[in-house]
1. Given the criterion under 28 Å from Met76 (Cα atoms) and assigned to a strand (DSSP E or B), identify the matching residue among Thr138, Thr153.
2. Take the conditions over 21 Å from Asn11 (Cα atoms) and modelled with pLDDT under 95 and apply them to Glu101. Does it pass?
3. State which residue pairs qualify: first residue free of Cβ contacts under 8 Å to residues at least 60 places away in the same chain and under 17 Å from Asn36 (Cα atoms) and inside segment 159-177, second residue in a helix (DSSP H, G or I) and of a type in the set (A, V, I, L, M) in any location, beta carbons under 6 Å apart, and separation of 6 or more residues or different chains.
4. Quick check on my filter: what residues within segment 104-135 are part of a loop (DSSP other than H, G, I, E, B) and either at pLDDT below 95 or farther than 19 Å from Gln165 by Cα (or both)?
5. Specify which of the listed residues (Ser50, Ser37) is touching a residue at least 40 places away in the same chain (Cβ under 8 Å), farther than 16 Å from His161 by Cα and of a type in the set (Ser, Thr, Tyr).
6. If you go through segment 14-24 one residue at a time, do you hit one that is in contact with a strand residue (DSSP E or B) (Cβ under 8 Å, 6 or more places away or on another chain), farther than 19 Å from Glu117 by Cα and either in contact (Cβ under 8 Å) with a residue 60 or more places away in the chain or loosely packed, with under 14 Cβ neighbours inside 10 Å (or both)?
7. Which condition number in (1) farther than 26 Å from Tyr77 by Cα; (2) touching a helix residue (DSSP H, G or I) at 6+ places or on another chain (Cβ under 8 Å); (3) of a type outside the set (D, E, K, R); (4) surrounded by 13 or more Cβ atoms within 10 Å (Cβ to Cβ) is the one that Gln131 fails?
8. Among the residues of segment 41-79 satisfying the criterion of being surrounded by fewer than 18 Cβ atoms within 10 Å (Cβ to Cβ) and among the aliphatic types (A, V, I, L, M), which is nearest to Val30 (Cα to Cα)?
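The values are calculated or read from the model by the stated rules, or taken from the named source; none is laboratory data. Only a predicted model underlies this, so the values are computations on that prediction, with no experimental measurement involved. Cβ: placed from backbone, ideal geometry, glycine included. Neighbour counts: every protein chain shown.
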Amino acid sequence: MDLKKLEEKTNAAVDYWIGEISRYSYEQLVQKPSENSWSLGQVGIHLWMSAKGFFFKNAERCLSKDKVEAGKGKNMYGWIVFTLGMMPPVKVKMPEKVAVEPKQPESKEQLIARLEEIKRLSAAYIQRIPQSNPALKTRHPFLGWLNTEEWITLCNLHFKHHLAQKKRIEESFGWKR
């Protein structure tokens, strides 16, 4: 993929979320549709946590050659996700050992700052992609083995994947666009 295009797509995905979060009050951002659901603020925190603690962490492992494998590839699901350029429009339940319910954001400003941090970090990782060996990969639990560029691309797709959840939350409160 063209790295400039990857950065533009990633910035657009994050900027969309920042723009949407900006539309709501803090009270709305922390409002949960039900006890077992997340708020929009929690979705934003989840996007930040997963970018830093999963997508970028694995991209860094590929770059630093830490516990990587060469010659491995994506499985069938991985090929589908990357070919279509989207994650399946279904709810995904994370395995218990890695599932984390995100905390509510401390403030609207904190949430926006954390998403801005993702833009800065993704730009830094995208600049480092040319220095990475595309054959060196780490394992994604559902998609198979991914390299640095694929981890950053998947981070972008993850932001888009949560748009359906955002829509469900908004609809549950009758919030109109």
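1. Thr138
2. For Glu101, the condition - over 21 Å from Asn11 (Cα atoms) and modelled with pLDDT under 95 - is met.
3. Between residues of segment 159-177 that are free of Cβ contacts under 8 Å to residues at least 60 places away in the same chain and under 17 Å from Asn36 (Cα atoms) and residues that are in a helix (DSSP H, G or I) and of a type in the set (A, V, I, L, M), there is no close pair.
4. If the condition is that a residue be part of a loop (DSSP other than H, G, I, E, B) and either at pLDDT below 95 or farther than 19 Å from Gln165 by Cα (or both), then Glu106, Ser107, Ser132, Asn133, Pro134, Ala135 are the ones that fit.
5. Within the list Ser50, Ser37, the selection yields Ser37.
6. Kept after step one, since they are in contact with a strand residue (DSSP E or B) (Cβ under 8 Å, 6 or more places away or on another chain), are these residues of segment 14-24: none.
For segment 14-24, residues in contact with a strand residue (DSSP E or B) (Cβ under 8 Å, 6 or more places away or on another chain), farther than 19 Å from Glu117 by Cα and either in contact (Cβ under 8 Å) with a residue 60 or more places away in the chain or loosely packed, with under 14 Cβ neighbours inside 10 Å (or both): absent.
7. Status for Gln131: all satisfied but (4).
8. Among residues in segment 41-79 that are surrounded by fewer than 18 Cβ atoms within 10 Å (Cβ to Cβ) and among the aliphatic types (A, V, I, L, M), the one nearest to Val30 (Cα to Cα) is Met49.
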